[in-house]
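Below you'll find the structure, written out as structure tokens, and then a few comments.
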Amino acid sequence: MAENVLVVLDGVGDSLKKSERDLLTAGRVLGPVSVAATAPVTDEVRAQLAENGVETVYVPEGADLSGYLVGPTAAWLSEVVATASSASGPFGVVLLENSADGKETAARLGVRLGAGVVTDVVGLEADGTVHKSVLAGSYEVRARATSEIAIWTLKANSVDGTAASAAGTAAVTPIAVPESALAHAARITGRTVKPASGRPELSEARVVVAGGRGTDGDFGPIEELADALGGAVGASRAAADAGWVSHDLQVGQTGKTVSPQLYVSAGISGAIQQKAGMQTAKVIVAVNADPESPIFEIADFGVVGNLFEVLPQATAEIKRRRG
Ligand SMILES: Cc1cc2nc3c(=O)[nH]c(=O)nc-3n(C[C@H](O)[C@H](O)[C@H](O)COP(=O)(O)OP(=O)(O)OC[C@H]3O[C@@H](n4cnc5c(N)ncnc54)[C@H](O)[C@@H]3O)c2cc1C
């Protein structure tokens, strides 16, 4: 079953991010991929989209959608779906990032199109079945929309971006933003750029090294291991609440959900609310002084020991092997 797929890229920068390439790869599992970019794309991005087999790139005409919250984006996407459907055959699937904005856009677009929406998608099959992570990552269910068009939001690191078998033309096609969509839209009036840490974004990182109350406030060994592995730093709520790290590093039920290839948990007991945010990691390594700690129940590799002794040894060995 080949479906025309519309991949939504929100706020693309100067070049495609890994999560954006992953969306394109996931889309190609199902059929030919077009892109709806919410802002104009650079020549470099256009070239990258062509390399990824994209034939058409829809861009908004008449408004900069990045200046608004998601309402106008959803309205514009429904125009893209309607216009493109008459031009190149109907879209069967719209694919978005599983970010807060991605999920809200999916919901609004779902209402406009009368489409089934599946969020937290972690895998997809060529016949249109998706795998969805539920109950804070404890279970994976298979789902399928019965509507003519399905909208899915894909979790980061669920697929590995691979090269397209054939290049596309990535022809840019402007589509007007409906004026009615802008009339009552919430406009963004200011932005403050967060100082960059130089590390990858936590929710997208392939490696996360997280520290908890066991660090006693010293995140030095956590940061050094994260840097040796090129990973992001995460934290338990106890560590964030103590003010040792900022709250946007908190992993768990009330923090971020991460799904990296490797999650190193150090000085974290493994409470259910912490597990909720990280148990879908491919490989979990736990370092904890208490052999009875619940984190060892879900760890693939466990080290019973003092993190201030274990982590620096791991960091030194990684650096030595990398020369
Ligand atoms: C509604 C609700 C939502 C919540 N949301 C979240 C959430 O999003 N994320 C989250 O993390 N928690 C969340 N929590 C809190 C959660 O229940 C735990 O309290 C919290 O995760 C504990 O953090 P911790 O593991 O760092 O601390 P602790 O449970 O105190 O564990 C510290 C661990 O460090 C080990 N340790 C101590 N010293 C060392 C050392 N030198 N070397 C190695 N190991 C050492 C100890 O053996 C212990 O296992 C939530 C709770 C509630 C009620």
_Mean accessible surface per residue for the chain, computed with a 1.4 Å probe while every protein chain stays in place, in Å²_ = 47
*Can you give the alpha-carbon Rg of region 65-129 over 2.2 N^0.38 Å, where N counts its residues?*
1.15
*Among all helices in the chain defined by DSSP H, which have a length of 18 Å or more along the axis from Cα atoms plus a Kyte-Doolittle mean of at least -1.0?*
71-88, 100-113, 307-322
*Carbon + sulfur, % of accessible area of the chain - ligands and nucleic acids excluded, 1.4 Å*: 51
_Solvent-free Debye scattering, log10 I(q)/I(0), computed from the Cα coordinates of region 112-163 at q = 0.20, 0.22, 0.31 Å⁻¹_ = -0.71, -0.83, -1.24
*How large is the helix-only mean residue ellipticity at 222 nm for the chain, computed as the sum of -39500 (n - 2.57) over DSSP H runs with n ≥ 4, divided by its residue count, in deg cm²/dmol to the nearest 500?*
-8500 deg cm²/dmol
*Ranked from highest to lowest mean number of other Cβ atoms within 10 Å per residue, what is the order of the peptides 262-268, 307-313?*
262-268, 307-313
*asked:* Suppose each label sits 7 Å from its Cα in the direction of the beta carbon; what would the A47-V134 distance come out to in nanometres?
replied: 4.6
*Largest first and to the nearest Å, give the Cα extent of region 7-132 along each principal axis.*
34, 30, 30
*Any idea what the relative contact order of the chain is, in percent, if you count C-alpha pairs under 8 Å spaced at least 6 apart?*
15
_Principal axes of the chain: Cα extent on each, largest first, Å_ = 63, 43, 39
_Within 15 Å, Cβ to Cβ, of V172, how many net charges do the neighbouring residues add up to if Lys/Arg are +1 and Asp/Glu are -1?_
-3
*For the chain, give the magnitude of the charge dipole about the Cα centre (Cβ charges: +1 Lys/Arg, -1 Asp/Glu; no others), in debye to the nearest 20.*
140
*asked:* Only four residue types carry charge here, +1 at the Cβ of Lys and Arg and -1 at the Cβ of Asp and Glu. Report the dipole size of region 223-317 about the Cα centre in Debye, rounded to the nearest 20.
replied: 380
*asked:* Looking at region 4-183 only, what percent of DSSP beta bridges run antiparallel? Nearest 5 please.
replied: 25
*Lys pairs in the chain, Cα-Cα under 20 Å, at least 8 apart or on separate chains: how many?*
21
*Of the listed peptides 207-217, 287-297, 65-75, what is their order by residue-averaged count of other C-beta atoms within 10 Å, with the highest listed first?*
207-217, 65-75, 287-297
*Please sort 168-177, 242-251 by packing, taking for each peptide the average over its residues of neighbouring beta carbons within 10 angstrom, highest first.*
242-251, 168-177
*Taking every pair of Cα atoms in region 21-63, average 1/r, invert it to obtain the Kirkwood radius, and report Rg/Rh to two decimals.*
0.98
*Along the principal axes of its C-alpha atoms, what lengths does region 105-197 span, in descending order and rounded to whole Å?*
41, 40, 36
*When only C-alpha pairs under 8 Å and at least 6 residues apart count, what is the relative contact order of region 202-322, in percent?*
25
*GNM result for the chain, Cα springs below 10 Å: residue of S85, S259, S99 fluctuating most strongly*: S85
*Over the residues of region 172-291, compute the C-alpha Rg and express it relative to 2.2 N^0.38 Å.*
1.34
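The values are calculated or read from the model by the stated rules, or taken from the named source; none is laboratory data. All values derive from a computational prediction rather than experimental measurement. Positions of Cβ are backbone-derived with ideal geometry, glycine not excepted, and every protein chain shown enters the neighbour counts. We work out accessible area using only protein heavy atoms, side chains counted, and drop any ligands, DNA or RNA first. Shrake-Rupley method; radii C 1.70, N 1.55, O 1.52, S 1.80 Å.
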